[in-house]
Amino acid sequence: MLSWDEKYGGIWDVQLRDGESIHSERHLPDRDLVALVIRRVDGWFAVAVLQKVADPQWRLPFWTAIEPAAVVATQADADSYLAGALESADYAG
């Protein structure tokens, strides 16, 4: 099912599979990023950093993962991954 929402000034179209849920979501307005952790059906976590990507067909940009989501076993692993990813020069904004 396609469901788009406007969130943090962009189009939010994060696709969840059956049984998945957003475990945590943190908007970093100073860097215009979102740190997202999804709890998967198998108990693992998918972790991603999203940024806005412009699409000329739409008034608002889309929130899009900067790179494929990392899959980790624990919330502590997710926190560690996000800390490293957000310190990376690639996400320095």
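A few notes on this one:
- Test item: Cα-centred dipole of the chain, Lys/Arg +1 and Asp/Glu -1 on Cβ, debye: 120 debye
- Accessible carbon and sulfur surface of the stretch 1-66 relative to its total accessible area, %, 1.4 Å: 51 percent
- Extent along the principal axes, Cα only, for the stretch 1-49: 34, 22, 11 Å, with the longest axis given first.
- Helix-only [θ]222 nm of the chain, DSSP H runs n ≥ 4, -39500 (n - 2.57) each, per residue, nearest 500: -4500 deg cm²/dmol
- Backbone geometry of the stretch 13-22 corresponds, through the Karplus equation with coefficients 6.51, -1.76 and 1.60 at θ = phi - 60°, to 3J(HN,Hα) couplings of 10, 4, 8, 9, 7, 3, x, 7, 8, 6 Hz, x marking Gly and Pro.
- Structural size metrics of the stretch 21-93, computed from C-alpha coordinates, are Rg and Dmax of 12.8, 39 Å.
The values are calculated or read from the model by the stated rules, or taken from the named source; none is laboratory data. Values in this document were obtained by computation on a predicted structure and should not be read as measured data. Quick reminder, even Gly has a Cβ in these numbers, built from the backbone with ideal geometry, and neighbours come from all protein chains shown. To get the accessible areas, we keep the full protein, side chains included, count just its heavy atoms, and leave off ligands, DNA and RNA. Shrake-Rupley method; radii C 1.70, N 1.55, O 1.52, S 1.80 Å.
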